[in-house]
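The values are calculated or read from the model by the stated rules, or taken from the named source; none is laboratory data. Just so we're clear, the structure is a prediction, and the values are computed from it rather than from any experiment. Heads up, the Cβs are rebuilt from the backbone with ideal geometry, glycines too, and the neighbour counts pull from every protein chain shown. Areas reflect the complete protein model, heavy atoms only, side chains present, ligands, DNA and RNA absent. Shrake-Rupley method; radii C 1.70, N 1.55, O 1.52, S 1.80 Å.
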Amino acid sequence: MRKIIAKMKNTKTPIDGHELYLYESDTGFSWVVGSWKKNVDHHMMNTIWKEGFKSGILFPDSYQEFKEAWEDGSYEIDGCRYYNENEFDVVQEGWEENMEDF
């Protein structure tokens, strides 16, 4: 499985300009978010809120409740965030799954 560190762009979400750890999807047509550094967590939280709000996916009743659930760990990320190659630049090929900065 191909893994990359990618600097996000063109998503029109708060994650643009930040690095994510992506791996190639089973289909080979998109990339799945594997993880991100701790200093990107707030941006990822806001990206998930924005995407969920826009798509109508139900979160806790308000942004404040969502933020509290995110911060206390009770909100579970679905693990299915997909991006296409026009939404990032490759910074580095490969990454280790046990990186300490997560």
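Annotations
- The criterion of being in a helix (DSSP H, G or I), free of Cβ contacts under 8 Å to residues at least 24 places away in the same chain and not hydrophobic (A, V, I, L, M, F, W, C) holds for Lys67.
- Residues in segment 44-92 that are modelled with pLDDT of 90 or more, touching a strand residue (DSSP E or B) at 6+ places or on another chain (Cβ under 8 Å) and of a type outside the set (A, V, I, L, M): Tyr83, Asn84, Glu85, Glu87, Phe88, Asp89, Gln92.
- Evaluated against (1) surrounded by fewer than 16 Cβ atoms within 10 Å (Cβ to Cβ); (2) within 30 Å of Glu96 (Cβ to Cβ); (3) of a type in the set (A, V, I, L, M), Met45 falls short on exactly one condition, (1).
- The one condition from (1) open to solvent by 80 Å² or more (accessible area, probe 1.4 Å); (2) touching a strand residue (DSSP E or B) at 6+ places or on another chain (Cβ under 8 Å); (3) modelled with pLDDT of 85 or more that Glu97 does not meet is (3).
- Test: Val40 is open to solvent by less than 50 Å² (accessible area, probe 1.4 Å) and closer than 22 Å to Glu71 by Cα: yes
- Those residues of segment 30-42 which are touching a helix residue (DSSP H, G or I) at 6+ places or on another chain (Cβ under 7 Å) and part of a helix (DSSP H, G or I), in sequence order: none
- Extreme residue, nearest to the chain's Cα centre (by Cα), among residues of segment 48-64 that are part of a loop (DSSP other than H, G, I, E, B) and surrounded by 12 or more Cβ atoms within 10 Å (Cβ to Cβ): Phe59
- Taken over segment 13-29, the residue count meeting the criterion of being surrounded by 12 or more Cβ atoms within 10 Å (Cβ to Cβ) and part of a loop (DSSP other than H, G, I, E, B) is 6.
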